[in-house]
Amino acid sequence: MAQPARPPAGYPSHNGAGQQPYSNGPVPNQLMHPSDGQGYSPSVPGSYSHQTPAKVPPHQSSGQYNYSGSQNVSQLNNYQGPGQTLNRPPVVPFSGSPVQQTGPVPQVLLPALQNSAAVSSAGSFPPGASPPVLSNWQYSQTPGSQPVGSQTSHLAHVTGTGSAQPPSSLSGNTNPPGNYQYAASPGGPPLQNSYMKPGSAPPPVTQPLTPLHPPSRPPLGPPPVGGPPLIRPSTLIAGPPNTQSLLNSAANREGDATSAASDGSVVQNSYDAIEGGGLMATPHPSPAPPNLKMNRSVGYSYPTLPPGYQNTSPPGAPGMQASALQYPDGSKHFHQPALGTNHLTAAMGGLSLQQEGLRPVNLLQERNILPTTLLKAPVPNLHEDIQKLNCNPELFRCTLTNIPQTQALLNKAKLPLGLLLHPFKDLSQLPVVTSSTIVRCRSCRTYINPFVSFLDQRRWKCNLCYRVNDVPEEFMYNPVTRVYGEPHKRPEVQNATIEFMAPSEYMLRPPQPPVYLFVFDVSHNAIETGYLNTVCQTLLDNLDLLPGNTRTKIGFITFDSTIHFYSLQEGLSQPQMLIVSDIEDVFIPMPENLLVNLNENKELIQDLLRTLPQMFTKSLETQSALGPALQAAFKLMSPTGGRISVFQTQLPSVGMGALKSREEPNQRATAKDIHLTPSTDFYKKLALDCSGQQVAVDLFLLSGQYSDLASLGCISRYSAGSVYYYQSYHHKHNPVQVEKLQKELKRYLTRKIGFEAVMRIRCTKGLSIHTFHGNFFVRSTDLLSLPNVNPDAGYAVQMSVEESLTDMQVVSFQSALLYTSSKGERRIRVHTMCLPVVTTLSDVYLGADVQAITGLLANMAVDRSVSATLSDARDALVNAVIDSLSAYRSSVLSIQQPGLMAPYSLRLFPLYVLALLKQKAFQTGTNARLDERIFTMCQVKNQPLVYLMLMTHPSLYRVDNLTDEGALNINDRTIPQPPILQLSVEKLSRDGAYLMDAGSVMFLWIGKNCGQSFINQVLGVPNYGSVPQNMTHLPELETAESIRTIAFISWLREQRPFFPILYIVKDDSPLKSSFLQNMIEDRTESALSYYEFLLHIQQQVNK
């Protein structure tokens, strides 16, 4: 049996599956479990055995789906969701030669069936598990006739009572609260592996939140019970109620989060019950308030939505447990008085400590403002005892580190308020707590954290809703110090990031096994690219590294104009192919043998992976039935949940979900009429069905032709999957893409994964969340459904100040991610961040985080491009700079000065916005293919902030004179640290060599007169003329220069989860234009230079 290849140097696997132990080793002590390879305790909590449980399909409430970024879609009332019991004639037993198919009978093409039992075609659904009828893609709350507030969607203009949006604002979608009944099971696992060193990347975030400038607030009342308004149609049609309740006991133990369905029966709001109510946690449904009108504030019209509701989840919910990993030695002895003025720096009002942040900078005169090292997140102005407990900004970051006390103050600053998260990031150290009680606020369900106040040993005050709670007896004992009576020194109160092992109260069903289904396009076009060889070989090499345990299951489907299943039944001498040609009404032949246990059937699986690439080499079938193949995959996966990885190379052409080309190359330049919206709602509907059954779909698009990623991408976006795009992939014509696919697929297959997950973000009373950005489905106003969660995904939320934060010195934000690990454990990862509240405009500017602001604006601009036009989004980005600098000039600067003045904290704001305007997602001009533009937009919505910023504003380094001065020493390697240069050709010298790191691609530009020593000793050629045109690798030479250069490039690559190709560029190289396109500060055919942009901003600010 082939052994998996060891990861190459520079791409370590931190999974713990295989050679390396997981790096979060436990500190020995009695209350903590020892960790096995992955840092997980091998035992499953409670009575949940490792047996694969029969799945009860999660209960879905009737009505509409409401999720992030709803597109303009036609009414879907007639959509019959897949999942009904399929009635099929039995298949004739096969004996001897192949039979012609009659109707939907599968034809056996590979070796004859070993037994003659009829193939069951009833699919893999338990009887009666029919999915809900979907109506206009919004989850409806409890059916009823109550009026609802208006909703802004990512992809559609606002309908309802809000006024039309001026083009100068960026909008996201908003989700009104309501009592949503939706039962399903939460969860996901952690694993580690990457091109990244653990602990290396900050997060982007994506979720629905309110507008920058919120509406005036109606009186508080219970959440509305009706559904949100539809996007286009003016009437609501709810599907039939489904009153099946799921595992009542789990929900009841957590609190009475039940709601009445229209027929009077009680429906468990199970996810809300399990995670503990957020905005939705009302003990009993109450009548809806009268029509909530949305008033738009003057100034910035960011989208808004009905005000939040009090977090009144019923008391009496049990606590959770935690798991044991590693606590830092000697936790901090932080005295826990109430957070108050004594915890803020004395300089909070006087700014003496942060004077630099407010120093006015004349951008037209100070041209060298780009720092020579990577920009770090600003440090909140908090007392050092609190700040050292604060959450790492790579995980949780706010656009304003000084929170304005009122919405009026926020409106005046003209800056967006929002959070950027990277919640499941690979971490080198993560405290994992296992205790008999998970301590949470009885009112708002916040997890105890470093920013609560202990009134005495027995009582603590919640930092989000200020309720006073009792300290449970078990919490009095500290497992780290082994001292009784010091609850404020427990690990939960000493770590802003912590993971709990969840007890059975946090499960709706036994944790699901890891299930992986691979769906391959094997049409003539796909075989021609040669991708199947690379993918199958990479899978073979990493089969033993797939995150999982003894329950791991795997399966394969291939498709062209028909769908091919592979029976991997134990006892077969080789895999068996079953062909289903009825793509209009897909069914599953032999469902019990198509997803099989990986460990028990490894040899058959390896045989299949070795033979698959050769099986279709003679195929002349050019059609692609992607839609039916995905429907089949969904039916196969529904009973358990899991991950579908689909590889597609062309536009789907037959069956459901068939698409037609919409790209006209000669019209690429026009900002109007480009097709950023999906052409069909098929993929979105299917994604929502997948989400309801805990299935996520990851799409790998390997195509040289237009494939309508705007439509195909919905399958991943709404099921919490990822999109990978390899433009013009071909194993011979574009060999550099082969290495990229290999490296990225290895990371994808072996990184940690969380299954059946939900995430909720809570914030201090007075703040409200209104728009979410990222790949997920919004299950209720603040609960995100993540069938899979991975360590490379980021999310963003927009917020508003709903009630004045008077008398508050600080506010807190907490994200809680409940998931099932690949080892079958239920875990909760919690991040908590604390920030000061300020009352003056100058303090708001002082705490501005320019990178986080840029990241949030980029997410909002993607939504604006889709819901309005690309030019609207571009205008809104420019207006964001103009408005904030105008407000600073008129309200903060005491002495008006000539020039373009910006606070020091925002000195890079115009540069970053110009970089966004030149990025593929938002640029004008003919050089961006439509699929490429859409893929960049997908990355904006799903990339953690650190990668998004690198993609937006690349880093430029001179590398022909690298030295060890200031170098880093990592694992006996010396990593040079050259200074970052401005992105302008002015900074290039023909005598040098320059490396541009643009995130997913790198360029090494060699000047014509570059020193002979660099050309000889790094490139390994005698002279400049000998440098090959298509060079993409540096030779490993035994010279100091070569070692330094390769060490630096490898170090940059290791810090990200994708593999950047390195292109060596000369003056006469065709890639020179791509290199120059990233010179943000220079003029291009369709965009201003940085100086011209500053003049334009100045002209507008001085109006």
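Here are a few things to note about the model shown:
- Based on protein heavy atoms only, the range 948-1103 ends up with 43 Å² per residue of surface accessible to a 1.4 Å probe.
- Sorting Phe454, Phe776 by solvent-accessible area of protein heavy atoms yields Phe454, Phe776, largest first, with a 1.4 Å probe.
- Pairs of alpha carbons in the range 992-1059 whose separation is greater than 20 Å (percent): 27
- Here's how it looks for Ser1086: its modeled amide H is under 5 Å from none belonging to a residue 5 or more places away or on a different chain.
- FRET efficiency, 1/(1 + (r/R0)^6) with R0 45 Å, evaluated for Glu1085 and Ile895 via beta carbons: 0.65
- For the range 347-503, the solvent-accessible area works out to 35 Å² per residue, with a probe of 1.4 Å and every protein chain left in place.
- With every protein chain in place, the range 571-615: carbon and sulfur % of accessible area (1.4 Å): 42
- In this view, the solvent-accessible surface of Cys938, computed with a 1.4 Å probe and all protein chains in place, comes to about 40 Å².
- Simple label model, 7 Å out from Cα along Cβ direction - Gln606 to Thr481, nm: 5.4
- Ranked packing of 852-865, 1036-1049, most packed first, by mean Cβ within 10 Å: 852-865, 1036-1049
- Summing charges over all other residues whose Cβ lies under 12 Å from the Cβ of Arg643, with Lys and Arg as +1 and Asp and Glu as -1, gives 0.
- Straight Cα distances below 20 angstrom link Lys1072 to the aspartates and glutamates Glu932, Asp960, Glu986, Asp991, Asp997, Glu1081, Asp1082, Glu1085, with same-chain residues fewer than 8 positions distant left out.
- Prolate/oblate/rounded call for the range 966-1103, Cα gyration tensor, a/c under 1.5 rounded: prolate
- In this structure Ser867 has an accessible area near 10 Å², from a 1.4 Å probe over the protein heavy atoms.
- Other residues with beta-carbon under 15 Å from the beta-carbon of Ala993 carry, at +1 per Lys or Arg and -1 per Asp or Glu, a net charge of +2.
- Estimated Rh, the range 681-725: Kirkwood, alpha-carbon pairs, angstrom: 10.4
- When the solvent-accessible area of the range 683-829 is split by element, carbon and sulfur atoms take up 44 percent of it, the probe being 1.4 Å.
- Signed unit charges on C-beta, dipole axis of the range 903-1022, positive-most listed residue Asn1016, Val1001, Ile934: Ile934
- Around Ile579: net Lys/Arg minus Asp/Glu count, Cβ-Cβ under 14 Å: -3
- Extended-chain gain in nm, criterion 0.36 nm per residue less alpha-carbon gap, Val379 and Thr1032: 231.1 nm
- Accessible area, probe 1.4 Å, largest first, for residues Lys425, Lys1008, Lys461: Lys1008, Lys461, Lys425
- In this structure, the pairs whose alpha-carbon distance is over 30 Å, taken from Lys461/Lys752; Lys388/Lys752; Lys388/Lys740; Lys553/Lys684; Lys918/Lys1066, are Lys461/Lys752; Lys388/Lys740.
- Split the accessible area of the range 966-1103 by element, probe 1.4 Å, and carbon with sulfur accounts for 49%.
- In the range 566-660, trypsin sites (Lys or Arg not before Pro) in a DSSP loop with at most 12 other beta-carbon atoms within 10 Å: Lys618, Lys660
- Three-way shape label, the range 756-844, alpha-carbon gyration tensor, a/c 1.5: prolate
The values are calculated or read from the model by the stated rules, or taken from the named source; none is laboratory data. What you are looking at is a predicted structure, and each value in this text was computed from that prediction instead of being measured. Cβ coordinates were reconstructed from backbone atoms using ideal geometry, including for glycine residues, and neighbour counts include every protein chain displayed. Areas reflect the complete protein model, heavy atoms only, side chains present, ligands, DNA and RNA absent. Shrake-Rupley method; radii C 1.70, N 1.55, O 1.52, S 1.80 Å.
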